[in-house]
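Shown next, in structure tokens, is the structure this report addresses.
The values are calculated or read from the model by the stated rules, or taken from the named source; none is laboratory data. In this text, all values refer to a predicted model and were calculated from it rather than measured experimentally. Note: ideal-geometry Cβ built from the backbone for every residue, glycine included; neighbour counts use all protein chains shown.
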Amino acid sequence: MMNFFKRLSFAGVAAVLSSGAFAADLPAPVIEYVPQVPTVGGWYLRGDIGYKIYSAPEMKYGTLDFYDDEMDGTFMIGAGVGYKFNNHFRTDFTIDYEFPAEFSSKGDCTSTCGAPGYSIEKADIDVWTFMLNGYVDIGTWNRITPYVGAGLGASYVSTSNITFQNPDGSTGSYDSDGNWNFAWALMAGASYDITPNLALDAGYRYLNIGDGRSKQFSTAGQTSRIEYEDLSAHEFRLGARYTFNSTAPAAPVYYEPQGPISSNF
């Protein structure tokens, strides 16, 4: 009986030692990092609202002198489509509409207005702009990306409600007109990434629009028109951009490879 228990004990010790040797022969777990390359760039849509502060244009009509030129501020809305090439360069095409802003001026017409003094000249001016823009995204810190940009394009300037009031109380109006101009812009701002696809954009744009005018009319045997030269504005804009096919960097992927299993049996 004692021999039986001795043999059983030896068998148990051998099994334990054998299991330890088997475990020692297993490959050590190796955790490897598989880098995931994020998708950067793609097409995007944008929408903007903003407020414009106009620099006063210069009013021209014949040989009359005008002064105290002023133009009210106004709101704008816009939309566009663009393409992000990489983390630092993108471009878009935008269409903006700027609501009518009132222009006013005073005309020195002591000898032509029926009474000493000046005339009060007014007009409403609204603008469509069509711009091709390019931007440099400087870098991203805490989801904030500052940028600078520039744009070239065209503007369509429309005038309406063109009126005058002379110092003797007489009033009159001129026919409205619209015309195309070359336009250009300089931009700066920053965007904030709400998600990898959606960003808020706050920016400033200086916009040079061109000139506006009335229709031609005849007076005193001469054909002329009223012109509003050097329209430009400072815009403060808030918008959103949605980029398609853009994802955040994926989380690191870990796996435990399976190696050959050996035994000392």
* Could you check, for segment 115-125, whether at least one of its residues is of a type in the set (A, V, I, L, M), touching a strand residue (DSSP E or B) at 6+ places or on another chain (Cβ under 7 Å) and more than 21 Å from Ile209 (Cα to Cα)? => yes
* Would you mind telling me which numbered condition in (1) more than 20 Å from Phe217 (Cα to Cα); (2) touching an Asp or Glu at 6+ places or on another chain (Cβ under 8 Å) Thr163 fails? => (1)
* Hey, can you tell me all the residues within segment 47-66 that are among the basic types (Lys, Arg) and closer than 17 Å to Trp128 by Cβ? => Lys52
* Asked: Looking at segment 84-102, is at least one residue of a type in the set (Gly, Ala, Ser) and within 27 Å of Glu229 (Cα to Cα)?
  -> yes
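Regarding Ile95, is this residue assigned to a strand (DSSP E or B), among the β-branched types (Val, Ile, Thr) and more than 19 Å from the chain's Cα centre (by Cα)? Steps first, answer last, please.
Working: assigned to a strand (DSSP E or B): yes; among the β-branched types (Val, Ile, Thr): yes; more than 19 Å from the chain's Cα centre (by Cα): no.
Considered against the rule, which asks whether it is assigned to a strand (DSSP E or B), among the β-branched types (Val, Ile, Thr) and more than 19 Å from the chain's Cα centre (by Cα), Ile95 comes out as no.
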* Asked: Would you call Thr159 farther than 17 Å from Thr94 by Cα and free of Cβ contacts under 8 Å to residues at least 12 places away in the same chain?
  -> no
* Residues within segment 55-65 that are part of a strand (DSSP E or B) and either on the phi > 0 side of the Ramachandran plot or in contact with an Asp or Glu (Cβ under 7 Å, 6 or more places away or on another chain) (or both), tallied -> 4
* Would a scan of segment 125-148 turn up a residue that is among the acidic types (Asp, Glu) and modelled with pLDDT under 95? -> no
* Would segment 126-143 turn up any residue that is farther than 24 Å from Gly73 by Cα and among the hydroxyl-bearing types (Ser, Thr, Tyr)? -> yes
* Asked: Can you find even one residue in segment 59-71 that is in contact (Cβ under 8 Å) with a residue 60 or more places away in the chain, more than 22 Å from Pro146 (Cβ to Cβ) and of a type in the set (Asp, Glu)?
  -> no
* Quick one: Pro196 ticks every box in (1) at pLDDT below 95; (2) under 24 Å from Gly47 (Cα atoms); (3) in a strand (DSSP E or B) except a single one, so which number is it? => (3)
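Quick one: would you say Gly73 is modelled with pLDDT of 55 or more and touching a Ser or Thr at 6+ places or on another chain (Cβ under 6 Å)? It would help to see each step written out before you state the result.
Details: modelled with pLDDT of 55 or more: yes; touching a Ser or Thr at 6+ places or on another chain (Cβ under 6 Å): no.
So Gly73 does not fit the description; no.
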* Asked: Asp137 passes all but one of (1) surrounded by 15 or more Cβ atoms within 10 Å (Cβ to Cβ); (2) within 34 Å of the chain's Cα centre (by Cα); (3) under 20 Å from Tyr61 (Cα atoms); (4) not basic (Lys, Arg); which number fails?
  -> (3)
* Structure fact -> For Tyr174, the lone unmet condition from (1) among the aromatic types (Phe, Trp, Tyr); (2) surrounded by 15 or more Cβ atoms within 10 Å (Cβ to Cβ); (3) closer than 24 Å to Glu235 by Cβ is (3)
* Asked: Among the residues of segment 112-125, is any touching a Lys or Arg at 6+ places or on another chain (Cβ under 7 Å) and assigned to a loop (DSSP other than H, G, I, E, B)?
  -> no
* Listed residues Phe164, Phe103, Phe182; which is part of a strand (DSSP E or B), exposed (fewer than 15 other Cβ atoms within 10 Å of the Cβ) and either of a type outside the set (Ser, Thr, Tyr) or in contact with a Lys or Arg (Cβ under 8 Å, 6 or more places away or on another chain) (or both)? -> Phe182
* Collect the residues in segment 35-57 that are modelled with pLDDT under 90 and closer than 30 Å to Gly189 by Cα, keeping them in residue-number order. => Val37, Pro38, Thr39, Val40, Gly41, Ala56, Pro57
